[in-house]
Each structure stands twice: as C-alpha cells, then as structure tokens.
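Accompanying notes for the structure given below.
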Amino acid sequence: MHALFVGVDAGGSHTIAALARGDELLRTIAGPAANPNLIGIGAAAETLERCIARVLEGESPAAIAVGVAGAGDESIAAHLRAALTRSFPNARIVLCHDARIALRAALPEGDGLVLIAGTGSIAYAEIGDETSRAGGYGYLLGDKGSGYAVGAAALRHLLTETELGSGENAMLAELAAHLGANDRPRILARIYQSATPVADIAACAPLVLRHAARGEQLSVGIVEHAAQSLFELIARITLRHPKPALPVVFSGGLLRQGNALTQQLEQRIAGASLDVRVLAARVEPCIGALHEARRLMATS
C-alpha cells in the first residue's frame, strides 16, 4: 500500500488541500484563507488544521507539505509547524514559501521562474543553487499587478464616479452591484467593516478582467497597468540572473487561464525580447506541495 501525502496551498483568498496515495491524486478540498500575514498566525494554523483534517477524512498521512506566505520567517513557520505536529503527530511536516510550490507544480525539477498574481503578487526563481524573488511585499507596500491592486484601482474609480456624478460606466455599475452598494458611504462601509477586506477587494478583479476582454476602456487601462507591473517583476529577476530560455510559469487566480491580463503580459514579454519561455501548463500549486511531501519522504 502506497503512503498518503497531503499538499496544501495556503492562499490569501482561499486554501486548497490535496490528498494523494503515492502518485495518485485522491481528492482536493477548498477552505478559507490561511495566509498568516493577513489573518494572523493562530487563525492560519486553525484553518490549516481543519482543511487537512477534512481532506484526510480520518486517514493518517505519511507527510504533509504546506506552501504559505511568510514561511521564510522562522517564528511563523515554527508556530505553524508546532500546531500541525500536535494535530498530526505521526506525519513528517514541511513548510515552504507558497511561490516554491507554485513553481514546482508546473516544473517539478530544474531552473525556472514563477510569476504569481492572486490576492498578492510575486516573481520567484530557482536558478542553479540560487533563489531570487521580486515583489511580494504585501498589499500595504507592494503587490502591484495583483488581484488586490486591480480591485483597488477599480474601487477608486467607482468612488470618484460617485463623487463626480459622472455618466454610468458598465464595469463600475457591475462593480457596485457586486458590492451591493452604489454610494460612497455604503461602498466604504462594505470594505472597511469587512472581516476580510483584502480578499474582498481582490475578489473584484475578475470582474475587471471580463470587461477588459470586451474592450471597455477603463478596465483595459487598469489591466494594462497591472500587466506592466507584473512584467517588471519578471524583468527584475531575469536581468539580475540571465539564463537562456528560462522557463516561466504563470500562477495565481488572475493568471490561471488565458484572459486580458495574460494576453497583455505575454505581449510585453515578446516585445521586450526577454530570453524566457512561458509554459502553457497551469497547474494548481497544491500539486507542487504534494511534490514537496513526496520529496520529504524520499530524503528522510
């Protein structure tokens, strides 16, 4: 009987846990956000424990790998590891940065770069024995081109429209309906009184992408700015660490499938003649976490 492995992608909007027996994927489940930088370490640990228990359905895993923002901070990693060890004492446990599992989901081995645009944004590369990153500063200081950045830009336009009383814009009208608020006080209350404001703002981004695909100019402008910001993350790494035909993986909710943002981004990459190769595969990061769980057992 093959061993059971659990791989977890702990994101800013939701958490995905996957269970595999050997190389066979058995099931996945979705849960709420588990990014400790957004909801706190204690809440993140509780969410991870619940999601892992749900995907296991009473079975006992040999190894658990969790990709989570903040895992590079040993105090955060130690707290999460301790909590998971108490709940799953017979499992080997490893925590790593969420960007690593996103990279290794589509590219299990070798040099590569992953660009993530979900709730936040970051570019992360492993080239030889070196790791490199650009962005990933969080919503207060960075995350340009992210779902949060796109949603926040659209909300600023919506607030300006309510103040100016300008003509109706299709994207902004749908955004107001999405929020259930169409005047300044209620829009602000909807965001600032939310228990999850960052995730709520990021959840506005798909709406903007849909309107950009239809050619709506306000949305197109927001998406063009996001694409340029994400392109700059790739360029900052590749200029510092040039590597011929470096594989590039797109990951995160905004880049999971072809859309107005991925089209703009690929055009910028081609136009700049960066020596990179964008991989077509879009693989859920939890699959990369499963690779890490199997690797943990193989090297033990």
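Read-outs throughout are calculated quantities, based only on the coordinates presented, and are distinct from any laboratory measurement. Fair warning: this is a prediction, and the values are worked out from it, not measured in the lab. Backbone-built Cβ (ideal geometry, glycine too); neighbour counts: all protein chains shown.
For each of Asp111, Asp129, Asp98, count neighbouring Cβ atoms within 10 Å of the residue's Cβ, then give the residues from fewest to most. Walk me through the numbers on the way to the answer.
On the way: Asp111 16, Asp129 5, Asp98 32.
The fewest-first ordering by Cβ neighbours comes to Asp129, Asp111, Asp98.
Please compute the Cα-Cα pair-distance distribution of the range 1-132 with 5 Å bins starting at 0, giving whole percents from short to long.
Cα pair-distance distribution for the range 1-132, in percent: 2, 11, 21, 23, 20, 15, 7, 1.
Taking the 0 to 90 degree range and rounding to the nearest ten, how far is the long axis of helix 285-298 tilted relative to the main principal axis of the chain, both from C-alpha atoms?
Tilt of helix 285-298: around 20 degrees.
Give me the number: length gained by fully extending Asp23 to Asp275, i.e. 0.36 nm times residue separation minus the C-alpha to C-alpha distance, one decimal in nm. Intermediate values should be presented prior to the final figure.
On the way: separation 252, 0.36 × 252 = 90.72 nm, distance 3.33 nm.
My answer for the length gained is 87.4 nm.
Please list 3J(HN,Hα) in residue order for the range 55-69, calculated via the Karplus relation 6.51 cos²θ - 1.76 cosθ + 1.60 where θ = phi - 60°; whole Hz, with x for glycine and proline.
6, 6, 6, x, 7, 10, x, 7, 8, 10, 10, 10, x, 8, 4
So for the range 221-269, Kirkwood radius off the Cα pairs, Stokes-Einstein at 37 °C and 0.692 mPa s: how many µm² s⁻¹?
For the chosen part, D equals 287 µm²/s.
Quick one: Debye curve from the C-alpha atoms of the range 110-278, no solvent, what's log10 I(q)/I(0) at q = 0.08, 0.12 Å⁻¹?
Reported log10 I(q)/I(0), two decimals: -0.26, -0.55.
Work out, step by step, the length gained on full extension between Tyr192 and His2: first 0.36 nm times the residue separation, then minus their alpha carbon distance; give nm to one decimal.
Result for the pair: 63.6 nm of gain on full extension.
Counting helices only, and only those DSSP H runs with n ≥ 4, report the 222 nm mean residue ellipticity of the chain as the sum of -39,500 (n - 2.57) divided by its residues, in deg cm²/dmol to the nearest 500.
Details: 12 runs with 146 residues, N = 300.
Helix-only estimate at 222 nm: -15000 deg cm²/dmol.
For the range 134-177, what are the per-bin percents of Cα-Cα distances with bins 10 Å wide, up to the bin holding the maximum?
Computed distribution, short to long bins: 26, 42, 24, 8.
Can you sort Tyr124, Tyr139, Tyr192 from fewest to most other Cβ atoms within 10 Å of each residue's own Cβ? All intermediate terms of the calculation are to be shown ahead of the outcome.
Values: Tyr124 25, Tyr139 21, Tyr192 8.
With the sparsest Cβ surroundings first, the list reads Tyr192, Tyr139, Tyr124.
As a test, work out the antiparallel percent of DSSP beta bridges whose residues both lie in the chain, rounded to the nearest 5.
Values: 27 of 45 bridges.
Roughly 60 percent of the DSSP beta bridges within the chain come out antiparallel.
Return the FRET efficiency for the residue pair Gln257, Ala30: r is the Cβ-Cβ distance, R0 is 25 Å, and the value is rounded to the nearest 0.05.
The pair Gln257/Ala30 has a calculated efficiency of 0.90.
What ranking of Thr160, Thr299, Thr131 emerges when the number of other C-beta atoms within 10 Å of each C-beta is taken as an exposure proxy, fewest first? Provide the component values of the computation, followed by the final result.
Details: Thr160 12, Thr299 6, Thr131 15.
With the fewest neighbours first, Thr160, Thr299, Thr131 line up as Thr299, Thr160, Thr131.
From largest to smallest, what semi-axes in whole angstrom does the range 14-88 give when each is the square root of 5 times an eigenvalue of its alpha carbon gyration tensor?
Over the Cα atoms of the range 14-88, the semi-axes work out to 21, 13, 11 Å.
Order these peptides, 217-229, 24-36, by their mean beta-carbon neighbour count within 10 angstrom, highest first.
217-229, 24-36
What is the helix-to-structure angle for 170-179, meaning the angle in degrees between its Cα long axis and the longest Cα principal axis of the chain, kept from 0 to 90 and rounded to the nearest 10?
50
Quick one: work out Rg over Rh on the C-alpha atoms of the range 163-263, Rh as Kirkwood radius.
So for the range 163-263, dividing Rg by the Kirkwood Rh gives 1.07.
I need to check one value: relative contact order of the range 110-278, counting alpha carbon pairs closer than 8 Å and at least 6 residues apart, in percent.
On the way: 275 pairs, mean separation 50.2, N = 169.
30 percent.
Just need the Rg to Rh number for the chain, please, alpha carbons only, Kirkwood Rh.
Taking Rg over the Kirkwood Rh, I get 1.00.
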